[in-house]
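Contents: one structure, followed by commentary.
The values are calculated or read from the model by the stated rules, or taken from the named source; none is laboratory data. Everything numeric here is computed off the predicted structure, so don't read it as measured data. Cβ coordinates were reconstructed from backbone atoms using ideal geometry, including for glycine residues, and neighbour counts include every protein chain displayed.
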Amino acid sequence: METVDSLLRTPLHDVHIAAGAKMVPFAGYDMPVQYAGLRLEHAAVREGVGLFDVSHMGELWFSGPGAGAFLQSQLAGDVGKATPGKALYTCLLNDEGGIVEDLLVYGFEDRYLLVVNAANKNTVVALLESELTDDVHMEDASDVTALLALQGPKSDDVLCAAGVDLRELPLYHHAPATLYGAKVLVGTTGYTGERGFELYVPSEKAVEVWSAMMEAGKSMGLVPCGLGARDTLRLEKGYCLHGNDIDADHTPVEAGLNWTVGWKTDFRGKSAILSQKQAGPSRKLVGFKLTERGVPRQGYPLLSADGEPIGVVTSGTQSPSLGEPIGMGYVDASHASTGTSIKVAIRKKEVAATIVKTPFL
């Protein structure tokens, strides 16, 4: 069992404590779940701008003449699309096609950067290390890299106020920049569904950059945001969370992530998911809205309109933007059509719901 003393800390831990953040264990780290409140932080990102500390994420660099070919053999996506200056979202699969990890690939002239979830970093590192060839070098830069996520429609304004103008940088691209004397990598690969930037900062500069950004964004209403708002924001946009909506027991085909797969490339698990794609999956990840009062939570049973078990909730919340309860979960393929009436078993009550298209917002 994790104790506060056993938890890892990001370089910004003391900043969060000083700001009065409520801290919780997450992926082995002591992380801020909220500051002024989830609803306020959520609204700030949807309508203005917020700043997240996501330094718990892992950063793995790959270089050497065989780096591209190696990553292509390991990842389901077409790594060739991660050309210099571009980024790719894809998955690392097991032999059965299950999602070991979802991740980002940043392409450079002579190397690649993989950004992975903190909870899975050690698993990913071990798997990739075991497959490394002599012409590929892997460097784990997680401990020397802090990651700040500036998110919201006013994020360009804040970044400009900080002296960096990247208003022309498209989604899923990246560029180098100098921020308050620190050399940083800036990406547009956010997890909130809003315009925003990911700032990869040397760990020793994290406090300085965070504090200066907060000051630069003060007139634009910039607020610090925690993991609580990050979760509600991503769920409204139908983004999957590893460990909830996707995991090693579910495939990209089942999760509706066919678009992350380079079907003309070769990679671990391809034969399994190709067969599943051709035959059609027996279960599918769907979005749903409750039509009665209640909040769906991970693990709650999903039932047919007749009350028969058909699946399970993977994520759920009371949507701050919509003001109604939403969720995602796996259901039998025969019940996965949009508009299908289902039920969510919340404690001892069966609450009516309807399957809807995602994103919810």
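Table for the structure above
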item	result
Residue pairs meeting the criteria (Cβ under 6 Å; at least 6 apart or on separate chains; first without any contact (Cβ under 8 Å) to a residue 40 or more places away in the chain, in segment 62-86; second surrounded by 15 or more Cβ atoms within 10 Å (Cβ to Cβ))	A82/L88; A82/V105; A82/G107; T83/G107; P84/G107; P84/F108
Residue list for segment 100-146, restricted to those being assigned to a helix (DSSP H, G or I) and either of a type in the set (A, V, I, L, M, F, W, C) or without any contact (Cβ under 8 Å) to a residue 60 or more places away in the chain (or both)	A118, A119, N122, T123, V124, V125, A126, L127, L128, E129, S130, V144
Cβ pairs under 6 Å, 6+ apart, first in segment 21-35 and in contact (Cβ under 8 Å) with a residue 40 or more places away in the chain and small (G, A, S), second outside any strand (DSSP E or B) and crowded, with 20+ Cβ neighbours inside 10 Å	A21/Y35; A27/H56
Residues of segment 56-70 classified as among the small types (G, A, S) and within 12 Å of V116 (Cβ to Cβ), total	1
Of the criteria (1) buried (at least 22 other Cβ atoms within 10 Å of the Cβ); (2) at positive phi, which one G193 fails	(1)
Any chance D249 is out of contact with any Cys (no Cβ under 9 Å at 6 or more places or on another chain) and part of a loop (DSSP other than H, G, I, E, B)	yes
Those residues of segment 118-157 which are under 23 Å from V100 (Cα atoms) and among the aliphatic types (A, V, I, L, M), in sequence order	A118, A119, V124, V125, A126, L127, L128, L132, V136, M138, A141, L147
Lone qualifier among L322, L290, L303, L361 - being aliphatic (A, V, I, L, M), touching a residue at least 40 places away in the same chain (Cβ under 8 Å) and more than 27 Å from E47 (Cα to Cα)	L303
In segment 225-268, residue nearest to A149 (Cα to Cα) [restricted to those that are hydroxyl-bearing (S, T, Y) and more than 13 Å from the chain's Cα centre (by Cα)]	T260
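Yes or no, residue by residue, for (1) more than 27 Å from L185 (Cβ to Cβ); (2) out of contact with any strand residue (DSSP E or B) (no Cβ under 6 Å at 6 or more places or on another chain); (3) modelled with pLDDT of 95 or more; (4) not charged (D, E, K, R):
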{"site": "T3", "(1), (2), (3), (4)": "yes, yes, no, yes"}
{"site": "V24", "(1), (2), (3), (4)": "yes, no, yes, yes"}
{"site": "V45", "(1), (2), (3), (4)": "no, no, yes, yes"}
{"site": "L75", "(1), (2), (3), (4)": "no, no, yes, yes"}
{"site": "T90", "(1), (2), (3), (4)": "no, no, yes, yes"}
